[in-house]
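The values are calculated or read from the model by the stated rules, or taken from the named source; none is laboratory data. Everything numeric here is computed off the predicted structure, so don't read it as measured data. We place every Cβ from the backbone using ideal geometry, glycine too, and count neighbours over all the protein chains shown. We work out accessible area using only protein heavy atoms, side chains counted, and drop any ligands, DNA or RNA first. Shrake-Rupley method; radii C 1.70, N 1.55, O 1.52, S 1.80 Å.
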Amino acid sequence: MWKPLVVDYQHVSNEIDLYGLSDRTRVSLLPPAIIIRNFYDKKNCQTIVDRTKSYNKNNFQNDKLLHLGPFLMEHVTDKRRYFEAAKDAQKTIGKIFEEIENPIEKIYKAISMLFPGFSVSVATESQNDYSQVIIRMHEKEKSIPIHKDNVRHEGKEYAAVRGIDYQLSCVLHLQESEAGGELIIYDKQWKKEDEKFRNIDFGYSSELVKNNEFCKLSGFSAGDLVVINPNYYHEVTKITGDTSRITLGMFLGFYSKESRIVAWA
């Protein structure tokens with residue numbers, strides 16, 4: 001059975017195989033995700049949630065999802081707008097993280113620990129920083145359809161990330177809904193021929209993964225960090241509780257020969 005690796009933050013070591021998450025040929029049995037419990041302080045999670053209420057949110061997928069901070073995949077044909085939005089968001093994020101432990105820096109530090117010898121920094125291009133992070137709000141009755149995240153395919157206009165060797169996704173859970181909002185990861189990686197199953201607006205038909213094994217992850221708590229290979233198809237089920245599911249996310253791109261990791265949202 002395809003199960004996640006679950007470890008408490010106090011016991012994280014460089015034995016966790018994040019390389020394996022990216023390349024299934026490296027090990028015989030790989031987890032669909034690594035869940036690091038108690039990664040970030042719960043009180044700080046609540047502080048971030050409370051502070052985000054003071055700022056205007058953007059929307060994605062025809063107003064179905066709300067988020068704070070730009071998302072590169074929304075701006076694949078408009079780099080200028082993306083970098084302008086990233087610059088504005090950096091100021092907002094800085095205010096939200098004032099006088100608490102910066103979760104971005106903590107994630108960078110943890111990744112550095114798991115990949116000794118690799119540098120970790122935000123992706124930059126022509127002296128423009130990419131968006132550091134995106135805070136997503138999933139409200140009642142909202143869901144995220146089956147999709148994959150592959151910047152090498154969809155972000156070809158973005159020089160700092162289009163040439164990466166592979167990509168990981170990090171999601172820090174800030175607030176969980178009472179019900180729904182489960183993460184489902186399918187044991188199927190994206191291939192170009194899958195595009196015939198793509199929906200007009202966003203995501204893919206369920207027919208694409210109907211015969212594949214999957215792993216359903218739930219029971220997250222505020223402060224848990226989840227790391228996955230986003231080239232595997234995944235979705236978030238409908239939120240049925242009154243409380244919104246709120247997460248903080250970023251991607252990590254690996255340049256193996258240069259021992260360098262770049263981060264963006």
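Can you figure out the FRET efficiency of THR77 with THR124, using R₀ = 30 Å and their beta-carbon distance, to the nearest 0.05? Computed FRET efficiency for THR77 and THR124 comes out at 0.90. Rg over Rh for the range 220-264 works out to 1.08, using Cα positions for both radii and the Kirkwood form for Rh.
The residue list ASN128, ALA265, TYR232 was ranked by how far each Cα lies along the charge dipole of the chain toward its positive end, using unit charges on Cβ atoms, and ASN128 comes out on top.
Tell me the carbon and sulfur percent of the accessible area for the range 224-265, rounded to whole percent, probe radius 1.4 Å. Carbon with sulfur: 47 percent of the solvent-accessible area. The Rg/Rh ratio of the range 134-248, with both radii computed over alpha carbons and Rh defined as the Kirkwood radius, is 0.97. Under a model in which nothing but the beta-carbon of Lys, Arg (+1) and Asp, Glu (-1) is charged, the range 120-242 shows a dipole of about 340 debye around its Cα centre.
Here the range 31-148 is treated with +1 on each Lys and Arg Cβ and -1 on each Asp and Glu Cβ, and its dipole about the Cα centre works out to around 260 debye.
Scaling the Cα radius of gyration of the range 77-178 by the globular reference 2.2 N^0.38 Å produces a ratio of 1.21. With just the Cα atoms defining each centre, how far is the range 76-128 from the range 176-240? Give it in Å. Each part's Cα centre sits 25 Å from the other's. Peptides 143-150, 236-243 ranked from most to least packed give 143-150, 236-243, packing being the mean of other C-beta atoms within 10 angstrom over each peptide's residues.
By accessible area, using a 1.4 Å probe on protein heavy atoms only, the range 127-185 has 36% of its surface on carbon and sulfur. Global size of the range 123-172: 13.7, 41 Å for Rg and Dmax (C-alpha atoms, Rg to one decimal, Dmax whole). In a reduced charge model with +1 at each Lys and Arg Cβ and -1 at each Asp and Glu Cβ, the chain shows a dipole moment near 280 debye about its Cα centre. The rule of thumb for compact globular proteins, 2.2 N^0.38 Å, goes into the C-alpha radius of gyration of the range 196-235 1.46 times.
Accessible surface for the range 67-224, divided over its residues, is 49 Å² per residue with a 1.4 Å probe.
Average projection, convex hull of the Cα set of the range 33-119: 7.8 square nanometres. Taking the charge dipole of the chain about its Cα centre, with +1 at Lys and Arg Cβ atoms and -1 at Asp and Glu Cβ atoms, the residue from ALA159, PRO4, LEU172 reaching farthest to the positive side is ALA159.
Taking every DSSP helix (H) stretch of at least 4 residues in the chain, weighting each as -39,500 (n - 2.57) and dividing the sum by the residue count yields a mean residue ellipticity at 222 nm of -5500 deg cm²/dmol.
Its Cα gyration tensor gives the chain an equivalent ellipsoid; the semi-axes, largest first and in whole Å, are 24, 22, 21. Coupling constants for the range 234-245 follow from the phi torsions by the Karplus curve (6.51 cos²θ - 1.76 cosθ + 1.60, θ = phi - 60°), and in residue order they are 8, 8, 10, 5, 4, 6, 10, x, 6, 7, 6, 8 Hz; glycine and proline get x.
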